[in-house]
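Have a look at the structure below before the remarks.
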Amino acid sequence: MAAVEIRPAGPSDAHGVAGVVRAAFAEEGPAVAAIWADVVARGLDRASLVAVDDEVVGHVGLSHAWLDARRQLVDVLVLSPLSVRPDRQSAGIGTALLGAALEAATAAGAPAVFLEGSPHFYGRRGFARAGAHGFEAPSRRTPDAAFQVVLLPRHEAWMTGRVVYRDVWWEHDAAGLRDPVLAELEQAFAAD
Ligand SMILES: CC(C)(COP(=O)(O)OP(=O)(O)OC[C@H]1O[C@@H](n2cnc3c(N)ncnc32)[C@H](O)[C@@H]1OP(=O)(O)O)[C@@H](O)C(=O)NCCC(=O)NCCS
């Protein structure tokens, strides 16, 4: 990987973070950047890491969610968004950001990190189907294969149940997928 430093984002990185999220997610970029800005504004961010050389070239965010376990609500983390500037993709930066995010989540004492994303990309990088561990996605509109988890050392066997997103994800209609994308992805996953 080209030499980049991964470090926590500071207040002066806000512009760089928004720029890299917008660039990575293309036409969805403004919407994804707006969600992360709202997550931060509401104090729901738990880690925000940047990959930097001369400027910000990658970013990953972790934020708060609940796990509605039978015994009690459990604080867990959601990993989203993960962004690498298009001209710097496929050089290991996303993988490095993911590793750093999981280290941060472990250090913070979180029992699990959840995400909705490509099972190909994340499955090769430590994530497993959350449904196989008995977790339920916040929405039925999340394809099973996309709803993924990493269990961390603080996880205990009773910590299972539905993941509950904070309101900000619903206000931005960013929980799960909607048709026609949902139907297309379900078909693609079924063909795998
Ligand atoms: C997905 C993404 C974060 C990966 O970062 P990266 O630095 O390119 O990844 P790495 O170099 O560490 O790893 C390369 C992997 O990313 C995949 N990748 C590269 N560009 C990609 C893209 N535009 N979209 C999806 N995956 C991509 C490669 O196929 C490769 O997968 P494999 O090694 O499992 O075969 C980055 O490409 C990106 O920002 N994509 C657009 C935003 C996005 O889709 N974010 C994830 C939402 S779930």
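Structure notes:
- The listed residues ASP192, ASP13, ASP53, ASP75 rank as ASP192, ASP75, ASP53, ASP13 when sorted by accessible area, largest first, using a 1.4 Å probe.
- Crossing angle, helix 93-107 versus the chain [Cα axis fit, 0-90 degrees, rounded to tens]: 60
- Per residue, the chain reaches -9000 deg cm²/dmol at 222 nm when only DSSP H runs of four or more residues are counted, each adding -39500 (n - 2.57).
- A Förster radius of 25 Å combined with the Cβ-Cβ distance from THR106 to ALA188 puts the calculated FRET efficiency at roughly 0.20.
- Å² of accessible area per residue within segment 58-192, as computed with a 1.4 Å probe and no ligands counted: 50
- FRET efficiency for the ARG141 to SER118 pair, using the beta carbon distance and R₀ = 22 Å, is estimated at 0.85.
- Axis of helix 14-24 versus longest Cα principal axis of the chain: the two differ by about 70°, to the nearest ten degrees.
- Taking amide hydrogens as placed 1.01 Å from N in the peptide plane, the amide H of ARG162 sits under 5 Å from those of ASP68, GLU136, each at least 5 positions away in sequence or on another chain.
- Across the accessible surface of the chain, with the other protein chains kept in place and a 1.4 Å probe, carbon and sulfur atoms take up 51 percent.
- Using a Förster distance of 41 Å, the FRET efficiency for ARG129-ASP53 (Cβ separation, nearest 0.05): 0.75
- Inter-label distance, nm, simple model (7 Å from Cα along the C-beta direction), GLN72/ALA175: 2.3
- Shape call, segment 1-123: gyration tensor on alpha carbons, a/c limit 1.5: prolate
- Between 0 and 90°, nearest 10: helix 181-191 axis offset from the chain longest Cα axis: 70
The values are calculated or read from the model by the stated rules, or taken from the named source; none is laboratory data. This one's a predicted model, so the numbers in the text were calculated from it and none came from an experiment. Using ideal geometry, Cβ is built from the backbone for each residue, glycine included, and neighbour counts are taken over all protein chains shown. Just so you know, the surface numbers come from the protein's heavy atoms only, side chains and all, with ligands and any DNA or RNA stripped out. Shrake-Rupley method; radii C 1.70, N 1.55, O 1.52, S 1.80 Å.
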